[in-house]
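Asker: Take a look at this one; I'll ask things after.
Laboratory data are not the source of any read-out in this text; all were calculated from the coordinates shown. These numbers come from a predicted model, not from an experiment. Glycine gets a Cβ as well: all are built from the backbone with ideal geometry, and neighbour counts include every protein chain shown.
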Amino acid sequence: MSRTGSKVAVEVDGEHHDIEWSRVRKEVEVKASTSTTASSGPRVSGGIYPPMPGKITEVSVKIGDKVKPGQTVCILEAMKMFNELKATNAGVVKEVNVETGSNVTPNDILVLIE
């Protein structure tokens, strides 16, 4: 396999293939929803989602806690870096769907704040 810019040359079962690719960013609209399961699809308003796959190393809140905007709710380790995931709005923690050591993806709702 060789790569130059947006072109990739690969060999599969002895056959040579040239592939051109591009990155497309998909905008996701935040909608209020009663469904708060950790699945792909629309994001839930008040949900805290990881920006990238990783492992949760600390959970700082529990159900019933009052949080302020900017308050750290958990810490995500990804690519050997620790990322503080913070509340975007004030409210009360309604769900905590992770624990220390959980592996997560960007589609997983970690904490729900209402």
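Asker: Could you count how many Lys pairs in the stretch 38-89 have their Cα atoms under 17 Å apart, skipping same-chain pairs fewer than 8 positions apart? Walk me through the numbers on the way to the answer.
Answerer: On the way: LYS55/LYS80; LYS55/LYS86; LYS62/LYS86; LYS66/LYS86; LYS68/LYS86.
Taking the stretch 38-89 as the scope, the lysine pair count is 5.
Asker: Do any trypsin sites (Lys or Arg not before Pro) in the stretch 61-113 lie in a loop, going by DSSP, with at most 11 other beta-carbon atoms within 10 Å of their beta carbon, and if so which?
Answerer: Numbers: sites: LYS62, LYS66, LYS80, LYS86, LYS94; in loops: LYS62, LYS80.
Loop-located and lightly packed - LYS62, LYS80.
Asker: What distance in nm separates the two pseudo spin-label positions at PHE82 and SER6, each 7 Å out from Cα along the beta-carbon direction?
Answerer: 4.0 nm
Asker: What list of ³J(HN,Hα) values in whole Hz, one per residue of the stretch 78-91 in order, does the Karplus curve 6.51 cos²θ - 1.76 cosθ + 1.60 (θ = phi - 60°) give from phi, with Gly and Pro shown as x?
Answerer: Working through the residues one at a time gives 8, 6, 6, 10, 9, 10, 7, 9, 10, 5, 8, 8, 7, x Hz.
Asker: Hey, another quick one. What residues have an amide H closer than 5 Å to that of THR88, excluding those fewer than 5 places away on the same chain, when H is modeled at 1.01 Å from N in the peptide plane?
Answerer: The answer is GLY70.
Asker: Another question, if that's okay. For labels at THR57 and ASP18 in the simple 7 Å Cα→Cβ model, what's the distance in nm?
Answerer: Once both label points are built, they end up 4.5 nm from each other.
Asker: Also: Enumerate the calculated ³J(HN,Hα) couplings along the stretch 52-68 in order (Karplus 6.51 cos²θ - 1.76 cosθ + 1.60, θ = phi - 60°), each rounded to whole Hz, writing x wherever the residue is Gly or Pro.
Answerer: 7, x, x, 10, 6, 9, 7, 10, 9, 10, 9, 4, x, 5, 8, 10, 10
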